[in-house]
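For reference, the structure discussed in these notes is given below.
The values are calculated or read from the model by the stated rules, or taken from the named source; none is laboratory data. Keep in mind it's a predicted model, so treat the numbers as computed, not measured. Cβ coordinates were reconstructed from backbone atoms using ideal geometry, including for glycine residues, and neighbour counts include every protein chain displayed.
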Amino acid sequence: MKKTDFQRLTDQLETLSPEQRTALKGMLSRLSEQDSVSVLTEFFSAKCSTCPHCGSAKLYRHGQAHGLPRYRCRACHKTFNPLTGTPLARLRLRHKWLSYHQCLLDSLTIRKAAMAVGISRDTSFRWRHRFLARVKDDHPKSLHGIAEADEMYLLESEKGARHLARAPRKRGEAASQRGTSKEQVCVLVARDRTGQTLNL
C-alpha cells in the first residue's frame with residue numbers, strides 16, 4: 001500500500017463506530033496470528049534437511065497438510081512434516097504458540113498463561129512441558145572467546161522415587177551434613193561474552 005493510501009485509511013479510522021472498531025481489531029488480530037503461523041512454518045521448514053525416521057538427506061516435497069509442508073524420504077519412503085520427531089509434533093493451535101512462548105518468558109503460572117492465551121489449563125500444562133523440552137535441546141556445542149563459569153550446589157531431589165536411600169525431608173530443609181556432601185548436586189554454568197550458555 002502506498003503511503004498516501006495508508007494515510008487516507010488512518011484518517012478514516014476516526015469515523016468508525018465502536019462496533020466497527022471492535023470488528024477491525026478482531027480482523028487485525030487474526031491477521032497477526034496468520035503472520036505468526038507463517039513465520040513458524042518458514043522457520044521449521046528451513047530446519048528440515050534430513051529424514052527424522054532414517055536420517056537420509058534425500059528428500060522431496062510431497063504436498064501440504066494442516067498448514068505445514070510435507071516431505072517424502074527417497075530412502076525409507078516415509079512422509080513427514082518439519083515438526084515430526086520434535087516435542088512440538090501433533091500440537092494444535094499453532095497461531096497461539098508465540099503468545100504462549102511470551103508467557104513462559106514472563107514466568108506466568110500455568111493457569112495465568114492459559115487465561116492470557118485463551119486455552120484450557122490442561123493444554124497449558126502440556127504445552128509448557130513440550131516447549132521446555134524443546135528449549136532443553138537448544139544449547140551451543142562450544143563457547144568462544146572469553147568465558148566465565150560458576151557453580152552452585154542444590155540438594156538432590158528424589159521426588160517420585162519409590163525407594164529412598166535416606167530419610168524423607170520436607171522442601172526447604174537443610175542437609176544433614178555441613179558443607180558440600182553427596183546429598184548435593186553441583187550445577188556448573190558457563191557463558192561467553194556473546195551470551196551463549198552451557199549448563200553442565
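Odds and ends about this structure:
- Helices (runs of 4 or more DSSP H) wholly inside the stretch 54-172 containing at least 1 residues that are closer than 26 Å to THR194 by Cα, among the aromatic types (Phe, Trp, Tyr) and touching a Leu at 6+ places or on another chain (Cβ under 8 Å): 121-136
- Yes/no for LEU68 being modelled with pLDDT under 90, over 16 Å from the mean Cα position of the chain (by Cα) and among the aliphatic types (A, V, I, L, M): yes
- In summary, SER107 fulfils each of the numbered conditions (1) outside the structural domain of PHE131 (by TED's automatic domain parsing); (2) at pLDDT 85 or above; (3) exposed (fewer than 13 other Cβ atoms within 10 Å of the Cβ); (4) among the polar types (S, T, N, Q) with the single exception of condition (1).
- Those residues of the stretch 1-30 which are at pLDDT 70 or above, of a type in the set (Ser, Thr, Tyr) and part of a helix (DSSP H, G or I), in sequence order: THR4, THR10, THR15, THR22
- Checklist (1) loosely packed, with under 13 Cβ neighbours inside 10 Å; (2) at pLDDT 90 or above; (3) more than 17 Å from the chain's Cα centre (by Cα) applied to MET115, failing item: (1)
- Of note, ARG128 satisfies the criterion of being surrounded by 10 or more Cβ atoms within 10 Å (Cβ to Cβ) and either modelled with pLDDT under 90 or not aromatic (Phe, Trp, Tyr) (or both).
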